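For reference, the structure is listed below as structure tokens.
Every number in this text was worked out from the coordinates using simple rules, so none of it is lab data. As the structure is a computational prediction, the values presented were derived from the model and not from experiment. Quick reminder, even Gly has a Cβ in these numbers, built from the backbone with ideal geometry, and neighbours come from all protein chains shown.
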Amino acid sequence: MWADREALIADLFPTSGTITSVKVTLIGRPTHVDIQFQFTRITLSSTGPLPALPKGIPAPLSMPTTTYSVYITKKQWNLVVKALREPKDALIVEGMQILDLTTKIISVFATRTTTKLLQQASRVVKPPTG
């Protein structure tokens, strides 16, 4: 079924619906950080394996490497940089994505940035005072 996707897409293309909102979540660890004046850029790559998909969804036999260039505001980066010193922690980025046709990389513009450990710590219930 995956091999037939081009024909399936061609049939639907002229009548595409409209998206009003797009959100992607990336979870991983950056290995190189490019700090600019007002933002930080990191690059993350996904190489698989392909996650379990619902039965009937066409899936490729193997997952190609997908590269993401992530742009994070200075304010958001400053909230997570110290936490990322912990080797077992992972960065969580939510944002809007576009395909950069020049670089063939998916650019993600972060709207929310945290880490797994920071997220867990925020869920800890504090005992009542009094």
Phi to ³J(HN,Hα) by Karplus 6.51 cos²θ - 1.76 cosθ + 1.60 over segment 17-27, Hz, x for Gly, Pro: x, 10, 8, 9, 7, 10, 9, 10, 10, 10, 10
Spin-label pair T25/L12, simplified geometry with 7 Å Cα→Cβ offset, distance in nm: 2.3
T115 long-range amide H proximity, modeled H, under 5 Å: I92
Under-5 Å amide H pairs with F39, H placed in peptide plane, nonlocal only: K74
Rg over Rh [alpha-carbon atoms, Kirkwood Rh] for segment 58-102: 1.08
Eligible lysines near K88 by straight Cα distance, threshold 26 Å, same-chain separation 8 or greater: K23, K74, K75, K116, K126
Convex hull projection area averaged over all views, segment 77-128, Cα basis, nm²: 5.1
P(r) tail fraction, segment 2-90 - alpha-carbon pairs more than 17 Å apart, %: 67
Segment 58-130 - charge dipole about Cα centre, Lys and Arg +1 at Cβ, Asp and Glu -1, debye rounded to 20: 320
Built amide H within the under 5 Å cut-off of M63, gap 5+: L50
